[in-house]
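Worksheet for the structure shown next.
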Amino acid sequence: MHKPRILAIKSSTLACLCAFLLGISNQIPASTDHETGTAPADSNMNFRIVEDTQPSIRDDGESTADHTKFEILQGPFESGPEVTKACLSCHTEAGRHFMQSIHWTWEYDHPDTGQKLGKKTLINTFCTNAKGNEGMCAQCHAGYGWKDENFDFTNQDNIDCLVCHDRTGAYYKTPNSTGNKACSVMFEGKQPIPWEKVAQNVGKPGRENCGACHFYGGGGDGVKHGDLDSSLKAPSRELDVHMDADGLNFACTTCHVTRQHLWAGSRYNVMAHDTEGLGLPGERRDVATCESCHSESPHSNTELTGIKLNGHVDKIACQTCHIPTIARGGVATKTEWDWRTAGKTKNGEGFKEKNYTQANGAHRATYKSIKGSFEYGENLVPHYDWFDGQMVYTTIETRFDPAKGPVEINGFNGSHDDGRSRIWPFKRMHTVQPYDKGNNTMVYMHLWGNDDDAYWGNYDFGRAIKVGMQKNSIPYSGEYDFVETYSFWPITHMVAPSENALSCNECHSREGRLNDLEGFYMPGRDSFRWLDILGYLALGGALIGVLLHGLLRKLFSKKNQQRDAS
Amino acid sequence: MNTQVNNGNGTKVRQKGEKHYVMIYSRYERFWHWSQAMLIFVLFYTGLGLHGLHNLLNFQLAVTIHTYAALVLIVLWIFTTFWNFTTGQWRQYLFKEGVMKVIRFYAYGILKGEPHPYKKGLQRKQNALQSLAYMSFMLLIGPALWASGMIYLIYDLWSGYAWSSQGLTLIAFVHTAAAYLMGTFVIIHVYMTTTGKTPTHYIKTMITGYDNVELTEAEKAYIEETHAISMKD
């Protein structure tokens, strides 16, 4: 499915490098890597640095309630759950609705593949697993206090209403447990949350509410998706024609329509081709597809180019042409992550190097002791492939053959001739991360915790993996190694204005964007080698033939003239 | 004009005719020829670009020009087919005897300064080789191009079928192959126009419509009586 031409070379060099490095890192815990110099203590490890805490403008004047006038919201409140109780005293069914949501369960049972998905259990290609590290990771769980398996998923008071509905910008979340020393400095020095003010100023979510987590997926601004980062809080028209702060100013929920706190637009079960398009008024509001607003023939049917473009809709996702590049709002996205280099220390302490400066001027870490080394990309041309909407995950239970090249953590199905797939853009993340060498499975790492086994503290992969697996009752061979992985993130945000959509040449040319997709004829890209050779021979032969003939005529006519003259 | 009539006992007798300067290519015929020539040039040029052989036009512009030119050419062909049948000119393309003589002439005789074995007449505007070439142009190369081109053009109407991928490959192959043949035809055709009395004689004829051809007594009388065909002398 994915043409591994260039990557094969790359992965082989990586494999060599890997083997070389492993010789060192496996035997000598990298924390003994003493370097001279006085590196400053790592004191700015907040992964979400939100400087602009102003809420985006989202007052459609439609609300029939002014929450400042509600007696129950006058407080005083000491904690989140107290506010939640107040919310649910009026919104009596909201808790029941919300508890079905993936934002609460972190679980998804895939109806087609039967796979058990969701953040609760999945392996990823960033910090590798939330499972067992909820004390840190569950700060993006829309609830209060999930730090271990004892969290009560049935208690409605544990729901965090404010993370989505706060309209002041003063609300924030912190990890549910303090980690090791290396991380304990995180989230210090924040202003306490003004609970009453926040509780009285609730409303429909703005981009910054969703963005508080979704912009920072993977452990930092823009890290995971490439088409979701903090630049979308107040984007220009060029960056996102729909969310354009001075224009349409769409909130996330304008497209991700909601019903009983369930949102359209699943990444686990993608609707890669919406063949229904528009519904009748009032009918079709159950999907987040482009077609649900723009129809299945969005281009002008009165001109040739428009007709031709409409003819592409069955094979090409809208996003493929209308999102020319990703990470183009000044925030970089992570493209490479190598865990093998993690664990270096200076004077016994972790450190980081910030050698990448992104377009908005911020410096991004290219090395962190706790995570390894990274590479970034901006204005990235996405990875394109046929996609039928079906993601196939490598879970903790999946066995794979590490010799068969990079493991696709969330591979996907699709082909040019299945009648369902379309060519989609993806951000492809390339990572080198630990796996269980004996069982050929991925591993859960115990990263976060105020104990001696947590990697973010002891920088010891062996212990972190052993404990991570043990804690979650996953069989572990006791031996780990590193494996290359890919993850794929379907691109759908950062839709450019139509005038910036891709021109035909971008794909219909000999060296176009779709060069790696094989098995079908594409005008402008493909040709028939032998036919072309025969064609050139015919054309060239004819040309040479007539030139020769002309030359002979000229020569003979002189001869004839001389003959006639004599 | 040398007409060949059967005198009854199997031998052919030549009747000599007077040469006259008459319009052998009517206004429509010339319009058809030159507009077709222009369209074929445009189609070939844009087609080469679409095929990726040059990057002088962006793909969108090339597709647009190629498509409109093709549509115009189709309309032109519809008119011309109608014209060919209503005027009876289609008979000009029928197979004639003496192909080998003409081939021998172009291969050898022309170099020796021999006269063309074929004499143009009002009802015999094309020599045997020409008829054969134009016939194959109109019945093979042309239809292969426009048939595959039209199927190509309406790709979106059949792209949903399971065979569409193979179908597109096949159509693209036929279209490209026919285009190479067309290009080859045009090169030879253009060259052949220089083989008249003077290198530009045939081109002038195709522009003005007039050529010096032998008329039989009957043809001359008919023209003088009806003025159905213009004659300059």
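Summed over the range A:517-533, residues that are more than 7 Å from chain B (Cβ to nearest Cβ) and either loosely packed, with under 14 Cβ neighbours inside 10 Å or among the hydroxyl-bearing types (Ser, Thr, Tyr) (or both) total 5. Annotation note: Cβ proximity below 7 Å between a residue of the range B:205-228 that is touching a residue at least 24 places away in the same chain (Cβ under 8 Å) and a residue that is open to solvent by 70 Å² or more (accessible area, probe 1.4 Å) and acidic (Asp, Glu) (sequence gap 6+ or interchain) occurs for B:GLU214/B:GLU18; B:LEU215/B:GLU18; B:LYS220/B:GLU18. Within the range B:163-175, how many residues turn out to be open to solvent by 40 Å² or more (accessible area, probe 1.4 Å), at the interface with chain A (Cβ under 8 Å from one of its Cβ atoms) and of a type in the set (S, T, N, Q)? Count: 1. All of (1) at positive phi; (2) in contact (Cβ under 8 Å) with a residue 60 or more places away in the chain hold for B:VAL186 with one exception: (1).
Here's a check for you: in the range B:176-198, which residue that is within 12 Å of A:LEU531 (Cβ to Cβ) and open to solvent by less than 40 Å² (accessible area, probe 1.4 Å) is nearest to the other protein chains (Cβ to nearest Cβ)? So the residue we want is B:TYR180. Restricting attention to the range A:303-331, and to residues there that are outside any helix (DSSP H, G or I), within 14 Å of chain B (Cβ to nearest Cβ) and among the aliphatic types (A, V, I, L, M), which single residue is surrounded by the fewest Cβ atoms within 10 Å (Cβ to Cβ)? Selected residue: A:ILE316.
Among the residues making up the range A:119-147, a single one is farther than 18 Å from A:ALA212 by Cβ and free of Cβ contacts under 8 Å to residues at least 24 places away in the same chain: A:LYS120. Of all residues in the range B:48-71, exactly one satisfies the criterion of being in contact with a Ser or Thr (Cβ under 8 Å, 6 or more places away or on another chain) and in contact (Cβ under 8 Å) with a residue 40 or more places away in the chain, namely B:HIS51.
Once the range B:20-73 is narrowed to residues that are of a type in the set (Gly, Ala, Ser) and over 22 Å from the mean Cα position of the chain (by Cα), the residue that is nearest to the other protein chains (Cβ to nearest Cβ) is B:GLY52. Criterion applied to B:LYS125, B:LYS119 was being within 27 Å of B:LEU76 (Cβ to Cβ) and among the basic types (Lys, Arg), and the one residue passing it is B:LYS125. Going through (1) open to solvent by less than 40 Å² (accessible area, probe 1.4 Å); (2) facing another protein chain (nearest Cβ under 10 Å) one by one, A:SER503 falls short only on (1).
Name the single residue, out of those in the range B:99-117 being within 13 Å of another protein chain (Cβ to nearest Cβ) and of a type outside the set (A, V, I, L, M, F, W, C), that is least open to solvent (accessible area, probe 1.4 Å).
B:GLY109
Taking B:PHE79 as the residue in question, decide whether it is free of Cβ contacts under 8 Å to residues at least 60 places away in the same chain, within 14 Å of another protein chain (Cβ to nearest Cβ) and not polar (S, T, N, Q). It is false that B:PHE79 is free of Cβ contacts under 8 Å to residues at least 60 places away in the same chain, within 14 Å of another protein chain (Cβ to nearest Cβ) and not polar (S, T, N, Q). The requirement of being of a type in the set (Gly, Ala, Ser), surrounded by fewer than 19 Cβ atoms within 10 Å (Cβ to Cβ) and more than 8 Å from every other protein chain (Cβ to nearest Cβ) is not satisfied by A:ALA454.
The residues on offer are A:ALA327, A:ALA317, A:ALA264, and the sole one that is of a type in the set (A, V, I, L, M, F, W, C) and over 30 Å from A:GLN433 (Cβ atoms) is A:ALA264.
Condition check ((1) open to solvent by 10 Å² or more (accessible area, probe 1.4 Å); (2) without any contact (Cβ under 8 Å) to a residue 24 or more places away in the chain; (3) farther than 27 Å from A:ALA272 by Cβ) across all residues:
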site	(1), (2), (3)
A:GLU336	yes, no, no
A:ASN347	yes, no, yes
A:GLY350	yes, no, yes
A:THR357	yes, yes, yes
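With the requirement that a residue be open to solvent by 50 Å² or more (accessible area, probe 1.4 Å) and either more than 13 Å from every other protein chain (Cβ to nearest Cβ) or at pLDDT below 85 (or both), what does the range B:131-162 give you? B:LEU132, B:MET135, B:MET138, B:LEU139, B:LEU140, B:TRP146, B:MET150, B:ILE151, listed by residue number.
Within the option set A:ALA212, A:ALA245, A:ALA199, being more than 18 Å from the chain's Cα centre (by Cα) and not in a loop (DSSP other than H, G, I, E, B) holds for one residue only, A:ALA199.
Matching residues to (1) under 19 Å from A:GLN54 (Cβ atoms); (2) in contact with a helix residue (DSSP H, G or I) (Cβ under 9 Å, 6 or more places away or on another chain); (3) open to solvent by 30 Å² or more (accessible area, probe 1.4 Å):
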residue: A:GLN200; (1), (2), (3): yes, yes, yes
residue: A:GLU208; (1), (2), (3): yes, yes, yes
residue: A:GLY218; (1), (2), (3): no, no, no
residue: A:GLY226; (1), (2), (3): no, no, no
residue: A:ALA234; (1), (2), (3): yes, yes, yes
residue: A:GLU238; (1), (2), (3): no, yes, yes
residue: A:MET243; (1), (2), (3): yes, yes, no
residue: A:ASP246; (1), (2), (3): yes, no, yes
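Against the criterion of being open to solvent by 30 Å² or more (accessible area, probe 1.4 Å), at pLDDT below 95, in contact with a helix residue (DSSP H, G or I) (Cβ under 8 Å, 6 or more places away or on another chain) and part of a loop (DSSP other than H, G, I, E, B), A:GLY512 does not qualify. Return the total of residues in the range A:101-128 being within 18 Å of A:THR398 (Cβ to Cβ) and either in contact with a helix residue (DSSP H, G or I) (Cβ under 7 Å, 6 or more places away or on another chain) or open to solvent by 10 Å² or more (accessible area, probe 1.4 Å) (or both). Going through the range A:101-128 one residue at a time, the tally reaches 14. For the range A:408-431, the set of residues classified as among the acidic types (Asp, Glu) and within 14 Å of chain B (Cβ to nearest Cβ) consists of A:ASP417, A:ASP418, listed by residue number.
A:TRP489 satisfies every condition listed in (1) at pLDDT 95 or above; (2) open to solvent by less than 30 Å² (accessible area, probe 1.4 Å); (3) hydrophobic (A, V, I, L, M, F, W, C) except (2). Could you tell me whether the range B:97-117 includes any residue that is touching a residue at least 12 places away in the same chain (Cβ under 8 Å) and of a type in the set (Asp, Glu)? The answer is yes; a qualifying residue exists.
Scanning the range A:347-385 for residues that are among the aromatic types (Phe, Trp, Tyr) and under 19 Å from the mean Cα position of the chain (by Cα) yields A:PHE374, A:TYR376, A:TYR384.
The values are calculated or read from the model by the stated rules, or taken from the named source; none is laboratory data. Model, not experiment: these values are computed from the prediction. For neighbour counting, all protein chains shown are included, and Cβ atoms are generated from backbone atoms with ideal geometry for every residue, glycine included. Side chains are part of the model used for accessible areas, which takes the heavy atoms of the whole protein and leaves out ligands, DNA and RNA. Shrake-Rupley method; radii C 1.70, N 1.55, O 1.52, S 1.80 Å.
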